[in-house]
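Single-structure report; data block below.
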Amino acid sequence: MTVLSVPSAIALDAIDLSLGAGAARVHVLKRLSLAIRAGETVGLVGPSGSGKSTLLMVMAGLERADGGTVTVAGTELTGLNEDALARFRGRNVGIVFQSFHLIPTMTALENVAVPLELSGRTDAFARAAAELEAVGLGGRLSHYPSQLSGGEQQRVAVARALAPEPAILVADEPTGNLDEATGRQIMDLIFAAHRTRGTTLVLVTHDAGLAARCGRVVRLRSGRIEADEARASVVA
């Protein structure tokens with residue numbers, strides 16, 4: 001019987017990264033290697049300062065490593081200039097942050113549609129409206145961020161991340177600014193998107209219960225992988 005291997009959505013090889021300058025320079029990631037298969041759900045956990053958010057930014061192409069190679073969705077990011085990297089990220093990687101990062105002078109619809117327009121999508125506003133409907137905000141399209149609750153703003157951010165139909169979704173403490181019940185609703189949306197769209201999901205969290213919803217948990221400490229555990233049963 002032939003066993004077909006699942007391709008890596010993300011492959012990091014010997015990643016080194018330091019941040020800061022002079023005496024304040026900190027060696028954040030230390031020859032770290034990690035492969036994440038297409039369609040996996042991976043929780044990145046560890047104490048503050050362990051490097052998990054920085055690792056996520058490297059995966060998303062928002063932080064450049066000092067050494068090693070970063071391959072995402074079959075493309076090595078190391079040699080891409082900033083413009084090419086931004087185009088690649090816009091097509092392939094959806095990002096949800098702890099802070100919502102919405103543009104305050106734009107409506108919910110515009111916050112989701114404008115990045116699609118900039119990438120050349122002719123159906124940008126129709127696509128944005130459909131994504132907002134999918135996250136339960138069909139009646140809030142014309143509302144500005146200041147008119148939305150924190151949970152609603154994060155729903156807009158999730159819609160914006162999913163609108164380009166990325167193969168990979170990364171989320172950095174997406175429930176950190178929300179109460180427990182609202183945070184659970186947001187994560188239900190994110191895990192539902194993983195199930196229905198087949199996205200690869202990488203999640204940074206301090207919440208052990210949230211990490212337990214992932215099929216695999218990678219624990220970092222001092223810029224290195226301390227443990228990498230596949231979970232036997234997962235309730236997403």
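Ligands, DNA and RNA left out, the 1.4 Å accessible surface of region 45-113 is 51% carbon and sulfur atoms.
Of all segments of the chain bounded by trypsin sites (Lys or Arg not before Pro) found in a DSSP loop with no more than 15 other C-beta atoms within 10 Å, the longest spans 65-230. Close amide H pairs (under 5 Å, H built 1.01 Å from N) link residue 9 with 36, 37, 38, residues at least 5 positions away or on another chain. Note on region 181-221 and region 19-85: Cα centroid distance 19 Å, given to the nearest whole angstrom.
Averaged over its residues, the chain has an accessible area of 48 Å² per residue, based on protein heavy atoms and a 1.4 Å probe. Each DSSP beta bridge with both residues in the chain is either parallel or antiparallel, and the antiparallel ones are about 55%.
Rolling a 1.4 angstrom probe over region 123-164 with all protein chains present gives an accessible area of which 50% lies on carbon and sulfur atoms. Based on the Cβ-Cβ distance from residue 177 to residue 31, what FRET efficiency comes out when R0 is 25 Å, to the nearest 0.05? My answer for the efficiency is 0.15.
Listed values for region 106-117 are Karplus-derived 3J(HN,Hα) couplings in whole Hz (6.51 cos²θ - 1.76 cosθ + 1.60, θ = phi - 60°), namely 10, 5, 4, 4, 5, 4, 7, 7, 4, x, 5, 4, and x replaces Gly and Pro. Using heavy atoms of the protein chains and a probe of 1.4 Å, the accessible area assigned to residue 125 is about 80 Å². For residue 43, the residues whose modelled amide H falls within less than 5 Å of its own, excluding neighbours fewer than 5 places apart on the same chain, are 203, 216, 217, 218.
In percent, rounded to a whole number, the relative contact order of the chain is 27, using alpha-carbon pairs under 8 Å and six or more apart.
Taking amide H as placed 1.01 Å from N in the peptide plane, the amide H of residue 67 sits under 5 Å from that of 16, each at least 5 places away or on another chain. Among 107, 196, 69, the largest mean-square fluctuation in a Gaussian network model of the chain (Cα springs under 10 Å) belongs to 196.
Taking 16 Å as the cut-off, no amide N atom of region 113-134 comes nearer than this to a point 7 Å along the Cα-to-beta-carbon line of residue 84. Scalar couplings 3J(HN,Hα) for region 138-152, obtained by applying the Karplus form with A = 6.51, B = -1.76, C = 1.60 to θ = phi - 60°, are x, x, 10, 4, 8, 7, 8, x, 5, 9, 10, 6, x, x, 5 Hz; x denotes Gly and Pro.
Using θ = phi - 60° in the Karplus curve 6.51 cos²θ - 1.76 cosθ + 1.60, the 3J(HN,Hα) couplings for region 184-198 round to 5, 5, 5, 5, 4, 5, 5, 5, 5, 4, 4, 5, 7, 10, x Hz; x is entered for Gly and Pro. Heavy-atom accessible area, probed at 1.4 angstrom with all protein chains present, ranks 122, 105 as 122, 105, highest first.
The values are calculated or read from the model by the stated rules, or taken from the named source; none is laboratory data. Predicted, not measured: the structure shown is a model, and the values here were computed from it. Don't worry about glycine lacking a Cβ; one is built from the backbone with ideal geometry, like all the others, and counts go over all protein chains shown. Heads up: the accessible areas ignore ligands, DNA and RNA and are worked out on the full protein's heavy atoms, side chains in. Shrake-Rupley method; radii C 1.70, N 1.55, O 1.52, S 1.80 Å.
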